[in-house]
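Throughout, read-outs are computed from the coordinates displayed, never taken from laboratory work. Owing to the predicted nature of the structure, the values given are computational and were not obtained by experimental measurement. FYI the Cβ positions are ideal-geometry reconstructions off the backbone, even for glycines, and counts take in every protein chain you see.
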């Protein structure tokens with residue numbers, strides 16, 4: 001049985017960062033935080049890919065009434081970063097908290113404190129403690145596979161695409177390495193989706209949430225810093241992008257998109273150069289958002 005350390009566990013006598021908030025929701029009343037409808041709140045900015053993953057999980061599980069979602073602005077609105085609306089939660093949860101009041105946050109309305117800011121833990125607890133009538137996003141025996149897909153997306157797609165853009169677009173040899181990694185990862189996903197409907201087979205799982213958000217980020221953010229040749233190679237995965245469009249048509253996915261927010265967040269944080277790939281997206285995401 002997973003248990004929480006209790007509502008006072010996050011309090012500290014020295015400055016701390018948001019990474020310390022790793023409370024878990026348990027399965028019965030003996031847990032400090034246990035699963036009760038309407039007790040918890042999710043504070044999310046849908047322009048953030050980490051928050052978007054949680055929001056999609058929340059939607060797939062049908063938790064709109066059970067765990068209310070509190071929307072945050074697309075870009076941080078507090079001095080030094082973070083969100084003004086979250087500052088009281090952080091200050092109540094950690095004495096002398098010195099960092100930004102960052103999202104995502106899973107809060108406990110009974111105590112007015114933070115349970116967790118850790119995305120994998122939040123997604124797992126939503127799926128296991130508040131599943132409701134939604135799909136089984138964490139099927140028994142497949143967590144290692146889900147983790148492997150997440151690692152592929154983070155290291156070989158997100159980080160590789162980011163690195164390729166940072167290295168510049170004029171010297172093909174400079175970014176050959178990260179682009180090779182990126183293309184290999186997309187090829188692997190393409191082969192899977194030629195054979196199966198979803199990332200791990202014929203049923204939707206948490207792996208699909210990670211893959212889809214990764215594709216959104218690749219096509220709305222990283223694309224802007226890649227040249228036309230790289231974009232053509234990325235687009236040459238018909239099964240993968242058909243999968244992206246199919247999931248975008250699902251209300252739990254497409255309706256969570258905040259494309260203007262993603263663009264604003266990108267402009268606020270990015271210092272890279274735009275390239276030829278910025279001209280046109282692979283997927284018309286606006287046809288699905290809202």
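Structure above, values below:
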quantity	calculated
Folded to 0 to 90 degrees: helix 259-269 orientation relative to the chain principal axis, Cα	90
Tilt relative to the chain, helix 238-248 - C-alpha long axis, 0 to 90 degrees, to 10	30
Packing rank of 252-260, 52-60, 116-124, 64-72, where each peptide gets the mean count of other beta carbons within 10 Å, highest leading	52-60, 116-124, 252-260, 64-72
C-alpha long axis of helix 176-195 to longest principal axis of the chain, angle in °	80
Protection proxy ranking, peptides 184-191, 216-223, 106-113, average beta carbon neighbours within 10 Å, highest first	216-223, 106-113, 184-191
Percent RCO, i.e. relative contact order, over the chain, from Cα pairs under 8 Å lying at least 6 residues apart	19
Considering only region 18-129, percent of DSSP beta bridges that pair antiparallel, nearest 5	60
Average Cα contact separation per residue, region 21-62, under 8 Å, 6 or more apart, as relative contact order %	19
DSSP beta bridges in the chain [antiparallel fraction, %, rounded to 5]	65
Computed log₁₀ I(q)/I(0) - Debye formula, equal Cα scatterers, no solvent, the chain, q 0.08 Å⁻¹	-0.36
Residue 128-residue 27 pseudo-label distance in nm [points 7 Å out on the Cα-to-Cβ vector]	0.8
Region 80-126, relative contact order [Cα under 8 Å, separation at least 6], %	32
Likely footprinting exposure, 130, 183, fewest C-beta neighbours within 10 Å first	183, 130
Computed [θ] at 222 nm, deg cm²/dmol, the chain (DSSP H ≥ 4; -39,500 (n - 2.57); rounded to nearest 500)	-12000 deg cm²/dmol
Dimensionless Rg over Rh [region 194-286; C-alpha; Kirkwood]	0.98
Fluctuation leader among 88, 251, 79 - the chain, Gaussian network, Cα springs under 10 angstrom	79
